[in-house]
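The values are calculated or read from the model by the stated rules, or taken from the named source; none is laboratory data. Here the structure is a predicted model, which means the values were calculated and not measured. Heads up, the Cβs are rebuilt from the backbone with ideal geometry, glycines too, and the neighbour counts pull from every protein chain shown. Ligands, DNA and RNA are stripped out before the accessible areas are found, and what is left, the full protein with its side chains, is counted by its heavy atoms. Shrake-Rupley method; radii C 1.70, N 1.55, O 1.52, S 1.80 Å.
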Amino acid sequence: MLDQIPEILRAKGFLTEEQSQQIRDRAAADPDKRIDRILLDSGLVTEENYLRAMAEEMGFGFTDLSDRQPDEEAIRLTPTKFVFKNKVFPLAIEENGTLVVATSEPFEILSLDELETLTGHPVEPIFSPDKEIAKQIKSYFGVGGETLGDMVGGDSPDGSSEANPDDDEAMAESASVIRLVNEILTEAVRERAS
């Protein structure tokens, strides 16, 4: 299906025949790079239009994450490390037990299979732009994508913390640090690390 992306986007009106051929030519010249990456890097189509076309073609949904409130149970169920590593955002657990996650990678099937194994729930992807996913991850999982040193290194020279306890953002960051440390410790115990 990857090789068909330029034709799919042309048929949906997002690319002209010339642009479609241009993408195929670039892919032939750089066989180590996936054609979807070449397409997005070219700037000929927006990520949103690409994902909408792929969602329609593959039979999945597309969502604007700014309009969706995620299910807290889905967030608790999805391992934080997996969220940051694979850039997926848990949205809901359907009545049949399916975990719905937002992704900007339509062809990363192995990571979704891994999530099924980790959670014990079937996983259904829904497509959304990478920037929206990153924003939601930061909002719900904190700033765990940064290094641990950056997250806990907020002490002033006199040893006191600069964060105001009334500051919601500081409290959210503090909670994300606790959640990240808990997950690191839990994983270490599972792996019998010393």
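Rolling a 1.4 Å probe over the protein chains gives Thr119 an accessible area of about 20 Å². I need the calculated FRET efficiency for the pair Arg76 and Lys12, taking r as the beta carbon distance and R₀ as 35 Å, to the nearest 0.05. After rounding, the FRET efficiency stands at 0.40.
Under Stokes-Einstein, with the Kirkwood radius over Cα pairs as Rh, the value for segment 1-88 at 37 °C and 0.692 mPa s is 221 µm²/s.
Taking the Cα centre of segment 54-118 as reference, the dipole from Cβ charges on Lys and Arg (+1) and Asp and Glu (-1) amounts to some 380 debye. Figure legend: label point modelled 7 angstrom from the Cα of Thr46 along Cα→Cβ; residues of segment 56-97 with amide N under 16 Å from it are 62-67. Summarising the amide proton neighbourhood of Phe62: residues at separation of 5 or more, or on other chains, whose placed amide H is nearer than 5 Å comprise Phe127. The GluC sites (Glu not before Pro) found in segment 32-100 that occupy coil by DSSP, while having at most 11 further C-beta atoms within 10 Å, are Glu95. To the nearest 0.05, how large is the calculated FRET efficiency for Leu118 and Asp67 if R₀ is 22 Å and r is the Cβ-Cβ distance? Calculated transfer efficiency: 0.20.
Each residue of segment 33-127 gets 108 Å³ once the volume of the Cα convex hull is shared out per residue. The figure for Asp3 is an accessible area of roughly 130 square angstrom, using a 1.4 Å probe on the protein chains alone. Go ahead and run the numbers for FRET between Met58 and Asp32, Cβ-Cβ distance against an R0 of 25 Å, rounding to 0.05. Working from the Cβ atoms, E equals 0.55.
Taking 29 Å as the limit for the C-alpha separation, the pairs Lys33/Lys81; Lys33/Lys131; Lys12/Lys138 exceed it in the case of Lys12/Lys138.
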